[in-house]
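Contents: one structure, followed by commentary.
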Amino acid sequence: MKKLTRSVTLASAIAISIGGMLGSGIFVLPGIAAAKTGSSVWIAYLLAAVCILPAALSKSELATSMPSSGGTYVYIERTFGPVFGTIAGIGLWLSLLLKSSFALVGFGAYLTVLVSIDEGFTKYAALFFLLIILFLNIFGIKKVGKVQIVIVTISLVSLAVILIFGIPNVNKDLLDPLFSNGNIGLASTVAFVYISYAGVTKIAAIAGEIKNPSVNLPRAMMLSLVIMSLIYVSVAFVLVGNIPMETLSTDIKPIYTISNLLGGNYVGYAAAIVGVITLVSMANSGVLAASRFPFAMAIDQLLPKFMSKIHPKYLTPVVTIVMTCIVMAMVILFFDVEKIAKLASAFMVMMFVSVNACVIILRETATQWYNPPYKSPFYPFIQLFGILSGIILLILLGFVPLLAILLITIIGVLIYLKFGKKTSRTGVLRKYGHRPALYLFYKKKNRKKRRLANEIVVNRDFLDGEILDDAGVVVPLLGNETSPEMLVEIGAALNTKEKLQVANITEVPNQTFLEALVDENPKINSLARRFSRLAESKKIDIDFESVVTHNMSDTIHDLSDQTHCDWLVFGWNGRARTGILINNPIGWLMTNINSNFALFKDNGVRHVGKVLIALRPGRNDKKFIDVADRISQFYGASFSLLRVVSEEISNEDLNELKDTSKALLNCAKAESRLEVVKSNNSIEAISKASASYDLLILGTPQKDSWISVLFGTGKDKFTEKSACSVLRLTIKDI
């Protein structure tokens, strides 16, 4: 299969992104927006840019992780599953076709300047050009796309000229009052003009063709957003400073009006021509993009199969192009311009809220295939701001847009039940959602039954080779281990049986065929060679297999059940816990697996000679001492039991603690000792003590801050401060 050539430079990417934003947002919308808030409309454009910034950062991250996936629909479908993917596809389709319809309505207004037609016939003129756009898209005339750069350049130059002559002529009297409808009027206007910036993320759809996408894609989005923010804010300021509000508030061709005012009739005619070609070009690119969403959904079996058909000669999705244009024609005929803008903004806000949520879910679940080269800064606060501000903007848009979103949601669910229910794909949230999230978004199913059903599928189709049925320890390798050999050594040290099972697990999205990835690769061959050498040198019976799966947690669960193992041993980055709403795979396993659980944080120690075990009150000390003793015997090491006590402890309590601890150590076969430290700061005390040891053994930590509990982003503070490698144990009472 041929791959897309990465030929789009940073400059080209910026031009494409600006082209996605330049159109009705500045040529049509400012006057209607000014009617809602007064001369502060330029502030509304500025705040709208701030509100869309989280979505731009989030989509940059998503696109660099899935640079050839095809945009927002796929991100949402992979994260939330096909139900939400269906709703998202319909929402994206409607938002783009509404924005394109809005552009054609504005086109009709600019056309009246150039052609002597009654304003009542402008809708029919818009429909005529929509018919032309329909045929252009069906015939697949690619050269039309190349003209886009020329049109964008002409538009930017025209707007720059308006600013040069308009700013010096700003009348301060026209700027008063700044807020005609107070703060609520300004806030609702922010929601209204939000759609103006929607094109900033369009560049993500061709991420697979951008040179060095992990660097150039985020830069293109940010630079184009800054450039267009300056243009929108400056032009809006010039408009309200030169045109009386009673004129501007009903004007849907404001660029012509300001040009005619500053330069006379001929300059006004030139501006009208620029407006006509810009808006037609925008509508054409909108039809091109919008028609691909139902086409992609039909391929994914979420819409009727006939919608996935392409023209035999021109190789274009003719069915979805015609369907898109028919709906656009109905919008132009039956909706007024303000309703079109509100609905377009509402659907786009909903999609961008979902995009921000996608980043949180994918990061918090730590799903293996999600590894973006670029990561959004200020996570998760920037995403939380995007979600919260988006919800507020949706409310401010009013009852009708909210009702439309509800209606689309219902239609999306019905379409899924009709066409997409047979699909076997599931989203990341469905796989790793915790109870509150699943109750919110899905009907909770019996996971135990699903696991038993998956067991046969996993064993027959997903595993490359034979898995042991009598391994004492299973070591799943997830690809992020600092030293796989050291992790396997720790597994061997914990093992009380003869055999140890090592499985290199590769998790891929449901949309990826497993059969395409089951072949061995150089990495797998390297691991097999290294583990063979380790088995010989340490005299360990190691069985190594390669696994490809759609669901890592269920696969590991099946491995645990099949091998009847006592321990699961994982590499670890020090992340403390799972969250209320969503689980990372390891967090899910810790609460659902039946075997003991060990997380190993490798801090670079390659020889274990001294082991430190530090337990919190209430732990089963005997079991942990047995594990520390076993590990010490494996390495020929000594171990110390650390007791951190309060500085105010009485001598009587201290002596009792010492006697109890020494009694535990008397049963150990390896050399052992007791170490007691008086400190009111247990984290600092354990950190200082760990500097004299090679391995620190801990129990499971307790939950603390609300942000950690909600999203599971907290770190284990004991692990984070440790000077040596850390082994965190969860011992089940089984």
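Whole-Hz Karplus values for the stretch 261-276 come out as 5, 7, x, x, 4, 5, 5, x, 4, 4, 5, 5, 5, 4, x, 4 Hz, taken residue by residue from phi with 6.51 cos²θ - 1.76 cosθ + 1.60 and θ = phi - 60°; glycine and proline positions read x. Cross-linked pairs Lys523/Lys688; Lys499/Lys662; Lys99/Lys418; Lys662/Lys688: Cα-Cα separations exceed 30 Å for Lys523/Lys688; Lys499/Lys662. Computed from phi, the 3J(HN,Hα) profile of the stretch 304-310 under the Karplus parametrisation 6.51, -1.76, 1.60 (θ = phi - 60°) reads x, 4, 5, 6, 8, 6, 10 Hz, with x in place of Gly and Pro.
Among 635-643, 673-681, the peptide with the highest mean count of other Cβ atoms within 10 Å heads the list, and the full ranking is 635-643, 673-681. What the phi angles of the stretch 150-159 give under the Karplus curve with 6.51, -1.76 and 1.60, with θ = phi - 60°, is a coupling list of 5, 5, 4, 4, 4, 5, 5, 5, 4, 5 Hz, glycine and proline written as x. Annotation: amide H of Asp541 within the under-5 Å range of Leu500, sequence separation 5 or more or interchain, hydrogens built in the peptide plane. Near Ile697, the amide H atoms lying under 5 Å from its own belong to Leu612, Ile613, Ala614, Leu727; only residues 5 or more places off or on other chains count, and H is placed 1.01 Å from N. A cut-off of 5 Å between modelled amide H atoms, ignoring neighbours fewer than 5 places along the same chain, links Gly427 with Gly81. Pro244: net charge of surrounding residues, Cβ under 13 Å, Lys/Arg +1, Asp/Glu -1, itself excluded? Residues close to Pro244 contribute a combined charge of -4. What's the local net charge at Ile195, with K and R +1, D and E -1, over the other residues with C-beta under 10 Å away? Here the count lands on +2.
Any read-out appearing in this document is the output of simple, stated calculations on the displayed coordinates, not a laboratory observation. Predicted model only: the values in this text are computed from it and were never measured. Glycine also receives a Cβ, built like all others from the backbone with ideal geometry; neighbour counts cover every protein chain displayed.
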